[in-house]
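Here is the structure we will look at.
The values are calculated or read from the model by the stated rules, or taken from the named source; none is laboratory data. Just so you know, these numbers come straight off a predicted model, no measurement behind them. Positions of Cβ are backbone-derived with ideal geometry, glycine not excepted, and every protein chain shown enters the neighbour counts. With ligands, DNA and RNA removed, areas are computed over all heavy atoms of the protein, side chains included. Shrake-Rupley method; radii C 1.70, N 1.55, O 1.52, S 1.80 Å.
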Amino acid sequence: MPGIGQVSHVIAVASGKGGVGKTTVAVNLALGLAGLGLKVGLLDADVYGPSIPTMLGIRAEPGEEEGALLPIEKFGLRVMSIGFMIDETQPVIWRGPMVTRALMDFIGRVAWGELGCLVVDLPPGTGDPSITIAKSIPGVEILMVTTPQKLALVDVRRAIRLFQRLDRPVVGIVENLAGFRAGPGAAPIDIFGSGGGEALSRETGIPLLGSIPIDPGLRQAGDEGTPILVRDPENAAAVGFARIAAKVLGSWHARCQ
């Protein structure tokens, strides 16, 4: 049966600003949850800039069965993206209603099956895709991604307020690009500043689930279609993603007790 009726948890990864590594967080969160034993789906809701096909190295079109779209499976995830259906050089020139219809198809027509979690990668900003996902999926939770710099925090605050107005819980903050070490034991270089995630957590009361360092290996893994949690699970960034996934799962278990 198509749709999300057999999905236990839906968590949407959001940011108010582009370029903060939101898709990297979404992909590795999904892999981290799968590594903890959950059946996990990954929905690319960034219709205008779908990056998940590149990050997972998928070059295929989804099948169809009895009117339902079949997600593509990779690295143990069930994945759907508009990027599977268009050439990577083709722009998506859609107005809001077309975007909304496409997302509703992904929610209702994809044969997600029984999942412990569906991770949704939202586009940056507070436009139609974010509103559609927040309004259309009962019980969806939001995970916000920021960088330490003040400029990112300004936009993330706006996005947090959007989801709060829509009565959707923002369950955590992930700080990405949180420092660079030139080598083992080297002092961190705060290229994008420091402490932004902690300050936002204190201000909003939303827990900071983790900080992910700047790592050339993390960038290379995404560019080459093998995410860091698959390629190098001992990498510091990969360990950080695994800890974030464990905290998300732990929060679900705590609420069920």
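Before moving on, here are some points about what is shown:
- Residue 159 falls short on exactly one of the conditions (1) open to solvent by 10 Å² or more (accessible area, probe 1.4 Å); (2) assigned to a helix (DSSP H, G or I); (3) under 21 Å from residue 29 (Cα atoms); (4) not hydroxyl-bearing (Ser, Thr, Tyr), and that condition is (1).
- Look at the stretch 18-47: where a residue is within 18 Å of residue 4 (Cα to Cα) and of a type in the set (Val, Ile, Thr) and a partner is in a loop (DSSP other than H, G, I, E, B) and open to solvent by 10 Å² or more (accessible area, probe 1.4 Å), sitting 6+ places away or on another chain with Cβ atoms under 8 Å, you get 40/76.
- Residues (open to solvent by 50 Å² or more (accessible area, probe 1.4 Å) and either more than 19 Å from residue 120 (Cβ to Cβ) or out of contact with any helix residue (DSSP H, G or I) (no Cβ under 7 Å at 6 or more places or on another chain) (or both)) located in the stretch 56-82: 59, 61, 64, 65, 66, 70, 73, 78
- Residue within the stretch 40-49 that is more than 17 Å from residue 143 (Cβ to Cβ) and under 15 Å from the mean Cα position of the chain (by Cα) present: yes
- In the stretch 88-101, residue surrounded by the fewest Cβ atoms within 10 Å (Cβ to Cβ) [restricted to those that are among the β-branched types (Val, Ile, Thr) and in contact (Cβ under 8 Å) with a residue 40 or more places away in the chain]: 92
- Residues located in the stretch 244-257, provided they are touching a residue at least 40 places away in the same chain (Cβ under 8 Å) and open to solvent by 20 Å² or more (accessible area, probe 1.4 Å): 246, 247, 249, 251
- Inspection of the stretch 137-156 finds a residue satisfying the criterion of being open to solvent by 70 Å² or more (accessible area, probe 1.4 Å), out of contact with any Pro (no Cβ under 9 Å at 6 or more places or on another chain), at pLDDT below 95 and not in a loop (DSSP other than H, G, I, E, B).
- Among the residues listed as 104, 85, the single one being over 13 Å from the mean Cα position of the chain (by Cα), open to solvent by 10 Å² or more (accessible area, probe 1.4 Å), of a type outside the set (Phe, Trp, Tyr) and more than 24 Å from residue 139 (Cα to Cα): 85
- Pairing residues of the stretch 111-124 that are on the phi > 0 side of the Ramachandran plot with residues that are open to solvent by less than 10 Å² (accessible area, probe 1.4 Å), at Cβ distances under 9 Å and at least 6 apart in sequence or on separate chains, gives 113/41.
- With respect to the conditions (1) within 21 Å of residue 160 (Cα to Cα); (2) at pLDDT below 95, residue 29 falls short on a single one, namely (2).
- Hits in the stretch 224-237 (condition: at pLDDT 95 or above and not in a loop (DSSP other than H, G, I, E, B)): 228, 229, 230, 231
- The combined condition, being of a type in the set (Gly, Ala, Ser) and open to solvent by less than 10 Å² (accessible area, probe 1.4 Å), is fulfilled by residue 45.
- Considering the stretch 107-133, and only residues there that are among the acidic types (Asp, Glu) and open to solvent by 10 Å² or more (accessible area, probe 1.4 Å), the residue that is farthest from the chain's Cα centre (by Cα) turns out to be 114.
- Among the residues of the stretch 192-239, just one is in contact with a Phe, Trp or Tyr (Cβ under 6 Å, 6 or more places away or on another chain) and without any contact (Cβ under 8 Å) to a residue 40 or more places away in the chain, namely 214.
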